[in-house]
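> Here it is, the structure in full.
Derivation of every value follows stated rules applied to the coordinates shown; laboratory data play no part. Keep in mind that what you see is a predicted model, and the values were worked out from it rather than measured. No Cβ is skipped: glycine too gets one built from the backbone with ideal geometry, and neighbour counts run over all protein chains shown.
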Amino acid sequence: MIPRVRKAVFPAAGLGTRFLPATKAMPKEMLPLVDKPLIQYGIEEAVQSGIHNIVIVTGRGKSAIEDHFDVSFELEQLLESRGKTSLLAAVRGISDMIDVAYIRQKEALGLGHAVLRARELVGPEPFAVVLSDDVIDAPTPCLRQLTAVHDAYLCPVLALMEVPGDKISSYGVVDAELVEDGATGGRLFRIHDLVEKPAPQDAPSNLAIIGRYILTPDIFDSLDTIQPGSGGEIQLTDGLRHLLRSRPIYGLKFEGRRFDAGDKLGFLKATVEFALKRPGLGESFRDYLKTIRVE
Ligand code: UTP
């Protein structure tokens, strides 16, 4: 039987320094895009991909995330008594659809370390990792695109995106070879190596890793084995390089648009695009934008 991907890990314990001071007392995953926190977009993507077991790795501001996915009796009662049924549904909706567990990463010791913290909660099965500051607008949810590849190859699958040369040094970059695969139409790659934030001249390709992964449970042994890098951080990329010694890893150039909402400019772009698409808001927002004179 194919081991289905049922769980998704959301690392949310980073320091979010690019958004200080907003992220001093609040995790960046709670920054609102139009009217929903970033992490909710990722969780909705997981639910739309058939994944309902959510593990959130928290650091500071733990209570804001927990409260968001918890039941708020007072608020729900108030909305009910005032007949605000659509708001009530919006407040209830997502928490009804997921089973959520939390684990603490006491110190921000890297993305790999955050994933390793979820080991006991994930157990011996494949799982997704979602970095919720990467917000993806896609006809088929990005995670669903990745799980389809996982189910066919039973291997880890990373979401890839083409990035122009002058931007490549901000990403993990893959050295990869195209795989002949009818279902994905020239977008599937077998990964030979991964390089974290290479100088443009050293980048092995223009294919960058973005914040969606399907991983297999053997990644935990790899993360446990590798030596921490600078600042005592354990990087997921290093864990994946270690795992490559013992099994194939695939990358899929996903279909859709990704916004880096962990960065101020990316966050503003995502806000504009999502607001324009939002029913009941998009039209008047578009009218407003037309009145702005941009030199
Ligand atoms: P980032 O690289 O965006 O780092 O983390 P950051 O600390 O969140 O933000 P900046 O760069 O300082 O502005 C990518 C993802 O990994 C999580 C973050 O919460 C984010 O979702 N992360 C990172 C952890 O959970 N723990 C860590 O130790 C590091």
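> Kindly rank 227-239, 249-261 from highest to lowest mean number of other beta carbons found within 10 Å of each residue. Display every interim value, and only then the final one.
Values: 227-239: 16.5, 249-261: 20.9.
For the peptides 227-239, 249-261, the packing ranking is 249-261, 227-239.
> Then there is this: For the range 104-187, rounded, prolate or oblate, judged on the Cα gyration tensor with a ≥ b ≥ c (square roots of eigenvalues), a/c < 1.5 rounded, else prolate if a/b > b/c?
Working: a/c = 1.92, a/b = 1.26, b/c = 1.52.
Note, shape of the range 104-187 comes out oblate.
> Show me the ranking of peptides 201-209, 187-195 by mean Cβ neighbours inside 10 Å, starting with the highest.
On the way: 201-209: 17.6, 187-195: 19.2.
Those peptides, ordered most packed to least, come out 187-195, 201-209.
> Ok, one more. Tally Lys and Arg at +1 and Asp and Glu at -1 over the other residues with C-beta under 12 Å from the C-beta of Lys264: what net charge comes out?
Details: positive: Arg18, Lys28, Lys269; negative: Asp133, Asp260, Asp263.
So the environment of Lys264 carries a net charge of 0.
> Classify the range 154-224 as rounded, prolate or oblate, taking a ≥ b ≥ c as the square roots of the eigenvalues of its Cα gyration tensor: rounded when a/c is under 1.5, otherwise prolate if a/b is larger than b/c and oblate if not.
oblate
> Taking the range 77-116, which trypsin sites (Lys or Arg not before Pro) meet the DSSP loop condition and have no more than 15 other C-beta atoms within 10 Å? Write out the running numbers ahead of the final one.
Numbers: sites: Arg82, Lys84, Arg92, Arg104, Lys106; in loops: Arg82, Lys84, Lys106.
Within the range 77-116, the qualifying trypsin sites (Lys or Arg not before Pro) (loop, at most 15 other Cβ atoms within 10 Å) are Arg82, Lys84, Lys106.
> Over the chain, what is the relative contact order in whole percent, taking alpha-carbon pairs under 8 Å and six or more residues apart?
Numbers: 545 pairs, mean separation 65.2, N = 295.
With pairs under 8 Å counted, the relative contact order is 22 percent.
> Which of rounded, prolate or oblate describes the range 1-85 when judged by the alpha-carbon gyration tensor and an a/c cut-off of 1.5?
Details: a/c = 2.09, a/b = 1.07, b/c = 1.94.
Oblate is the answer for the range 1-85, as a/c is 1.5 or above yet b/c matches or exceeds a/b.
> While we're looking at this one, here's another question. By average Cβ neighbour count within 10 Å, what is the ranking of 154-165, 262-273, 3-14, 63-74 from highest down?
Working: 154-165: 19.5, 262-273: 16.7, 3-14: 22.6, 63-74: 13.2.
So the order, starting with the most tightly packed, is 3-14, 154-165, 262-273, 63-74.
> Using +1 on the beta carbon of Lys and Arg, -1 on that of Asp and Glu, and nothing else charged, what's the dipole of the range 31-110 about the Cα centre, debye to 20?
Working: 8 positive and 12 negative charges, 45 e Å.
Roughly 220 debye, rounded to the nearest 20.
> Another question, if that's okay. Taking the Cα centre of the chain as the origin, how large is its charge dipole in debye, to the nearest 20, when only Lys and Arg (+1) and Asp and Glu (-1) carry charge on their Cβ atoms? Walk me through the numbers before you get to the answer.
Values: 35 positive and 40 negative charges, 94 e Å.
The dipole magnitude comes to about 460 debye.
> Projecting each Cα onto the charge dipole of the range 154-212 (Lys/Arg +1, Asp/Glu -1 at the beta carbon, about the Cα centre), which of His192, Pro156, Ala203 comes out farthest on the positive side?
Comparing the listed Cα positions along the dipole, Pro156 ranks first.
> Next up: Can you find, among Ile54, Leu131, Tyr41, the residue farthest towards the positive end of the dipole of the range 1-148? Put +1 on the C-beta of Lys and Arg, -1 on that of Asp and Glu.
Ranked along the dipole, the leading option is Leu131.
> How large is the helix-only mean residue ellipticity at 222 nm for the chain, computed as the sum of -39500 (n - 2.57) over DSSP H runs with n ≥ 4, divided by its residue count, in deg cm²/dmol to the nearest 500?
Details: 11 runs with 103 residues, N = 295.
That calculation yields -10000 deg cm²/dmol at 222 nm.
> Rounded to whole Å, give me the distance from the Cα center of the range 117-133 to that of the range 28-79.
The two parts, judged by their Cα centres, are 17 Å apart.
> Moving on. For the range 236-294, with the dipole built from +1 on Lys and Arg beta-carbon atoms and -1 on Asp and Glu ones, taken about the Cα centre, which of Gly251, Gly282, Ala270 lies farthest toward the positive end?
Checked the options; the winner is Gly251.
> Right, next: Net charge within 15 Å of Leu38 by Cβ-Cβ distance, Lys/Arg positive one each and Asp/Glu negative one each, not counting Leu38 itself? Mind dumping the intermediate values first?
Values: positive: Arg18, Lys28, Lys36, Arg212, Arg258, Lys264, Lys269; negative: Glu29, Asp35, Glu44, Glu45, Asp133, Asp134, Asp137, Asp260, Asp263, Glu273.
Taking every other residue near Leu38 into account, the sum is -3.
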